[in-house]
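Below is one structure; the comments refer to it alone.
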Amino acid sequence: MQTLEPVWTTVEYGELVWRLDHNEIDGLGSKAINLTILRLRKSMYRSLKPLNSLLVGVVCLLWAMSGYADRTALAPAIGGYSPVSYFTKQRAEKGRPEFSVEHKGKVYWLASREQVEQFSADPDRYRPRYDVCPYSLALGKRLPLDPTNFKIVAGSLLLFHRSDQTDGLKGFESSGLSDKELVRRADANFLRLSF
C-alpha cells in the first residue's frame, strides 16, 4: 500500500478553526477523513450550537468533494450480481466491487473487465427491465426480486420474486401468460404502482 501525504482543508469561522484531513488509504480510491478542531476559545463554547449545522454542511461538502462518496460506497443494484453474466453465461453470478459501473443512478457490479466493457457499451441491454418482480407487476402488486430467479425475455432481463410462499417465475410459467403478455401487463402497471 502506497502512503500518501495527507491533504487537508483548514476552515475558520470566527473563533473556531478546524482542519479536515483526507487521504487515500488503500490505493483503490477509498478515503480516510479526520476532523480536528485546532482552536476553540472559551467564549465559543456558548455559541457552538448555531455552528452545528454549518459544521455538518461544510464536512458533507468537503466529504463529497474529496471523492470519498464514490460509486463503490453505494449498495450495488440487483444484490451485487453481474447483469452481463445472465446473458453471457446464462446464470446468476456475483460481481465484484472493483468492476463497478454506474448507470442511471445505480451501481452494477460486474465479474470482469471484459464485462465492464460490454456493459459500458450498451448498459440498457443488460440492466434488468424492472426493479421489482414482473409477474407481481402483471398481477398489480410490487414484490422484491431474487437475483437468482431470472428469465431473459425478448432480450430483456427479468428478475422474479422468490420466497417461502411465492415463486414469481414458477407462477408466471404456470399462469398461461405468454412472454409478450407478461411484459405488456407489467409495463402497464409499472408506472401506476411506482407512485
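The values are calculated or read from the model by the stated rules, or taken from the named source; none is laboratory data. What you see is a predicted model, and the numbers here were worked out from it, not measured in a lab. Counting neighbours? That spans all protein chains shown, and the Cβs are built from the backbone with ideal geometry, glycine included.
Taking the conditions (1) under 20 Å from residue 93 (Cβ atoms); (2) modelled with pLDDT of 95 or more in turn, residue 170 satisfies each one other than (1).
Could you list, in sequence order, the residues of region 79-91 that are surrounded by fewer than 19 Cβ atoms within 10 Å (Cβ to Cβ) and over 18 Å from the mean Cα position of the chain (by Cα)?
Quick first cut of region 79-91, residues surrounded by fewer than 19 Cβ atoms within 10 Å (Cβ to Cβ) only: 79-80, 87-91.
Residues satisfying the conditions are 87, 88, 89, 90, 91.
Where strands (runs of 3 or more DSSP E) fall wholly inside region 88-195, the ranges with 3 or more residues that are of a type in the set (A, V, I, L, M, F, W, C), in the same structural domain as residue 76 (by TED's automatic domain parsing) and free of Cβ contacts under 8 Å to residues at least 60 places away in the same chain are 106-110.
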